[in-house]
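Following: one structure in structure tokens, then a few remarks.
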Amino acid sequence: MRKLTYFVACSIDGFIGDPSGDASSMFAFLDEQFFGHLAAEYPETLPTATREHLGLTDREHRRFDTVIQGRGSYQVALDANVTSPYGHLREYVASRSIEASPDPNVTLISGDLVAAVRELKAEESELGIYLCGGSQLAGALLDEIDELIIKTYPQVYGAGMPMFGAGFGVTDFTLDGVQTFDNGVLIRTYRRKR
């Protein structure tokens, strides 16, 4: 069974964006040490254009071969005239408002999201599935998430878009590790308690 990993950036107080979803203030922390770590350890999570710019196109996938993102996250790429932001992966976009995929590499999920994710998790592969965001998608898939990799930036938002847009419910995870960086960023890895 493949793992679904929510690989997400958030503020200290657990927000992945301001009330409108903008998280651009976190980009200030992409210094050489931290960005170098992301490129080395999580190269698949970098958009294809960034990978090409850095010369990472020949890098083998380390962790993921598939990405799932919500409509809001995908809209950021569409607004930049990019129809396949993760063209190096199999791309799925959960959306009920997009009627037809704007790119042959992007498969739309408009029906039963949980069933679609369970099918992807049941595939034969040693590589996992990268849940890119956003908040509502993560909330809808909380029961399917096997691992959390949380990049915590040293900022407090006070309000905004939570990591999980879902109703109240307690879900336990076990801390697997913490990495710290000179710029104050932490990467925490959690495994779901089953």
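The values are calculated or read from the model by the stated rules, or taken from the named source; none is laboratory data. Given the structure is predicted, the values throughout are model-derived calculations rather than measurements. As a convention, Cβ positions derive from the backbone with ideal geometry for all residues, glycine included, and neighbour counts pool all protein chains shown.
A few points about this structure:
- Residues within region 120-146 that are within 20 Å of ILE12 (Cβ to Cβ) and surrounded by fewer than 17 Cβ atoms within 10 Å (Cβ to Cβ), tallied: 0
- Lone unmet requirement of (1) of a type outside the set (Ser, Thr, Tyr); (2) crowded, with 17+ Cβ neighbours inside 10 Å; (3) modelled with pLDDT under 95 for ILE149: (3)
- Scanning region 179-194 for residues that are among the aliphatic types (A, V, I, L, M) and either touching a Gly at 6+ places or on another chain (Cβ under 8 Å) or in a strand (DSSP E or B) (or both) yields LEU186, ILE187.
- Pairs, first aromatic (Phe, Trp, Tyr) in region 45-70, second crowded, with 20+ Cβ neighbours inside 10 Å, C-beta under 9 Å, six or more apart: PHE64/THR5; PHE64/PHE7; PHE64/GLU44; PHE64/THR45; PHE64/LEU89; PHE64/GLY128; PHE64/ILE129; PHE64/TYR130
- Scanning region 163-194 for residues that are under 30 Å from SER95 (Cβ atoms) and either among the aliphatic types (A, V, I, L, M) or touching a strand residue (DSSP E or B) at 6+ places or on another chain (Cβ under 6 Å) (or both) yields a total of 10.
- Condition check for TYR130: farther than 17 Å from GLY165 by Cβ and under 12 Å from the mean Cα position of the chain (by Cα): yes
- For region 144-155, a tally of residues being over 16 Å from the mean Cα position of the chain (by Cα) and either hydrophobic (A, V, I, L, M, F, W, C) or over 21 Å from TYR42 (Cα atoms) (or both) returns 1.
- Near pairs, Cβ below 7 angstrom, 6+ apart or cross-chain, from region 112-137 (farther than 18 Å from THR189 by Cα and among the basic types (Lys, Arg)) to any residue that is in a strand (DSSP E or B) and at pLDDT 95 or above: LYS121/LEU4; LYS121/ILE129
- Check on GLY165, within 26 Å of ILE187 (Cβ to Cβ), in contact with a Ser or Thr (Cβ under 9 Å, 6 or more places away or on another chain) and either in a loop (DSSP other than H, G, I, E, B) or among the charged types (D, E, K, R) (or both): yes
- Residue count, region 118-133 (criterion: part of a loop (DSSP other than H, G, I, E, B) and more than 13 Å from THR5 (Cα to Cα)): 4
- PHE64 being surrounded by 20 or more Cβ atoms within 10 Å (Cβ to Cβ), out of contact with any Pro (no Cβ under 8 Å at 6 or more places or on another chain) and among the aromatic types (Phe, Trp, Tyr): yes
- Pairs with Cβ under 9 Å, 6+ apart, first in region 97-108 and farther than 16 Å from GLY70 by Cβ, second among the basic types (Lys, Arg): ASN105/ARG90
- When residues of region 123-137 are limited to those that are farther than 22 Å from ARG62 by Cβ and small (Gly, Ala, Ser), the one modelled with the highest pLDDT: SER135
- Going through (1) small (Gly, Ala, Ser); (2) without any contact (Cβ under 8 Å) to a residue 24 or more places away in the chain; (3) under 22 Å from ARG2 (Cα atoms) one by one, ALA80 falls short only on (3).
- Filter result for PHE164 (surrounded by fewer than 17 Cβ atoms within 10 Å (Cβ to Cβ) and farther than 25 Å from GLU60 by Cβ): no
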